[in-house]
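Okay, structure first, notes after.
The values are calculated or read from the model by the stated rules, or taken from the named source; none is laboratory data. As the structure is a computational prediction, the values presented were derived from the model and not from experiment. Here the Cβ positions follow ideal geometry from the backbone for every residue, glycine too, while neighbour counts run over all protein chains shown. Quick note on the areas: whole protein, heavy atoms, side chains included, nothing else; ligands and nucleic acids left out. Shrake-Rupley method; radii C 1.70, N 1.55, O 1.52, S 1.80 Å.
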Amino acid sequence: MSFVFRCEIVPVVKTQFESLPLSPALLGVIRELAYTQPTPIQAASIPTLVAGHDLIGQSKTGSGKTAAFALSILQRVSLPLREVQALVLCPTRELSAQVTREFRTLGRKHPGFTVAEFVGGQPGKSQRDALARGTHVVVGTPGRVLDHLQKGSLTTNAIVTVVLDEADRMLDMGFGPDVETILNRLPKSRQTVLFSATIPKSIAIICKAHMQTPVRVRIDEPEEARLEIRQLRLDTRPDEKFHALCWLLSKFPHNSALIFCNLKQTVIELTDKLESAGLSVGRLDGGLEQFHRDQILARFRNQSVRLLVATDVAGRGIDVEGLDLVINYEFPRQTDIYVHRIGRTGRAGRAGVAISLSGHNDKERIREIESNTGVAIEVLEQGPVNLSEVGPLLRALARPCSMQTILISGGRKDKVRAGDILGALTGDAGGISGSNVGIIEIQDKLSYVAVARPASRLAVQRLNDGRIKGKRFRATLVEGQKLDDAQAQAEARKKKSTNRRSPRSR
Ligand code: ADP
Ligand code: MG
């Protein structure tokens, strides 16, 4: 690296949230979320961020970086000033959605706080409307944010903080020039915050050009923390891969498993194969419309789909509570992709297992990964024995999920809140026990609710017969991704939304 940061060695001591510069409102939300302690990156970066300094943050995935910057922004935001005060740039739509959700959760005790999501595949009009109404924070992908800057719909004069989240990923995806243009258009006096798993030269150049004496915070996890993810690999011949996968799925018990492939084509083929065998599976790749990507993620998150097969781009940054197994069906081509993939499990201190199917050609890369991460990948000596036995394995795996997802045709824009849906299901009119209702996810125009399978048909009926917030909405059971297609088309026609495919999606 050709220049020197003002580098502060931040001692990692056990800090309490109460000793961080956060308001009682924020501490209240943190208590409700049952976050007992700040993670090391939060403890180390929040004081610097709240003080308004530039910061370069580096820590492993799942270490709570989102809350680190979201809490700091919320601490500094002026609610009466209904102008954009913070801009967060993310590499993908999924990640933007996640960050937006986290802002909403953490900002729920800030009366009138609003955050808007600016991503492609959504009508620019709704984004302009959000700006016209006055929004405090904008989260989005560089392309769409730049659109709004150039059209003049997004004004920058009140922006005091810009965050580049997963900066290395953003540059990998070719967003470098867009990011530069955006940074050049922001007020000079603003705070610039950058989070990145790695700081390659390209990032160092951006930091030098756009930051003012940044504080650099880097959290090297202690040895034992790395053991939260158990890393294994199984040497497999290409023609035995499917069999090996089924064997792994039956051998390693899981609530939710994420299966990574290098290519969209493999994702499609593998999903088809698993689906035909009756497994609870969905796919996530750049070839899907945004609606489908959101829907399958919602179903995976609320545990009504057990397996998700994904490409790297689509699966980037996915944060699913209780994801206990990651499988690399195709061995990743680069070390940092490997690290990102396995980081999807073992989130926030929970244990996880990551298993890679490796072949003869992967030896060199495995060595590279082991030397870069400093951790040896355990070799599974014993794989599946009888290759003719994939049938029984599949039959044993083909059990339905205990939850099912119901799609409701109203969302945040219709003033629908989670409590309203819960009320409609469990109230006098609903008659369904609260223990049968799982995660409720409210999106802009739609909502998803997970309901225990035995109660799901009744729940659909009750939702269709009853009212939410005095209004009637349509509720449908989401069965499989194939069915989703028909549903999505109907939905798309109804909403006349303009879902476009991102040219960058893989
Ligand atoms: P990163 O951006 O570093 O990859 P995230 O911000 O996505 O990580 O956080 C990972 C998970 O940890 C999220 O589910 C988040 O809700 C949770 N989390 C964040 N901070 C804490 C905390 N202090 N205690 C417990 N869980 C936390
Ligand atoms: Mg993150």
Go through the residues of segment 144-163 one by one and say whether even a single one is under 23 Å from Lys415 (Cβ atoms), open to solvent by less than 10 Å² (accessible area, probe 1.4 Å) and in contact (Cβ under 8 Å) with a residue 24 or more places away in the chain.
no
Cβ-Cβ below 7 Å, separation at least six or inter-chain, first residue in segment 397-412 and in the same structural domain as Lys469 (by TED's automatic domain parsing) and open to solvent by 10 Å² or more (accessible area, probe 1.4 Å), second among the acidic types (Asp, Glu) and in a loop (DSSP other than H, G, I, E, B): which pairs?
Arg412/Asp444
Which of the numbered conditions does Arg417 fail, given that it passes all the others? Conditions: (1) within 23 Å of the chain's Cα centre (by Cα); (2) modelled with pLDDT under 90; (3) open to solvent by less than 10 Å² (accessible area, probe 1.4 Å).
(3)
Somewhere in segment 318-335, is a residue among the acidic types (Asp, Glu) and farther than 20 Å from Val99 by Cα?
yes
Index of the failed condition, Ile206 passing every other in (1) surrounded by 20 or more Cβ atoms within 10 Å (Cβ to Cβ); (2) out of contact with any Lys or Arg (no Cβ under 7 Å at 6 or more places or on another chain); (3) outside any helix (DSSP H, G or I):
(3)
All but one of (1) open to solvent by 30 Å² or more (accessible area, probe 1.4 Å); (2) in a strand (DSSP E or B); (3) of a type in the set (Gly, Ala, Ser) hold for Gly278; which doesn't?
(2)
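Okay, residues lined up against (1) in a strand (DSSP E or B); (2) touching a helix residue (DSSP H, G or I) at 6+ places or on another chain (Cβ under 8 Å); (3) of a type in the set (S, T, N, Q); (4) open to solvent by less than 20 Å² (accessible area, probe 1.4 Å):
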position: Glu83; (1), (2), (3), (4): no, no, no, no
position: Glu94; (1), (2), (3), (4): no, yes, no, yes
position: Ala97; (1), (2), (3), (4): no, yes, no, no
position: His110; (1), (2), (3), (4): no, yes, no, no
position: Glu117; (1), (2), (3), (4): yes, yes, no, no
position: Gly120; (1), (2), (3), (4): no, yes, no, no
position: Leu131; (1), (2), (3), (4): no, yes, no, no
position: Val139; (1), (2), (3), (4): yes, yes, no, yes
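Filter segment 157-197 for residues that are part of a helix (DSSP H, G or I) and more than 16 Å from ligand 2 (Cβ to nearest atom) and give the result.
Correct list: Gly176, Pro177, Asp178, Val179, Glu180, Thr181, Ile182, Leu183, Asn184, Arg185.
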Restricting the first residue to segment 58-76 and requiring it to be within 14 Å of ligand 2 (Cβ to nearest atom), which pairs with a second residue that is hydroxyl-bearing (Ser, Thr, Tyr) meet a Cβ separation below 6 Å and a spacing of at least six or different chains?
Ser63/Thr39; Gly64/Thr39; Ala68/Ser45
Looking at Ile369, is it buried (at least 18 other Cβ atoms within 10 Å of the Cβ), in contact with a strand residue (DSSP E or B) (Cβ under 7 Å, 6 or more places away or on another chain) and not in a strand (DSSP E or B)?
no
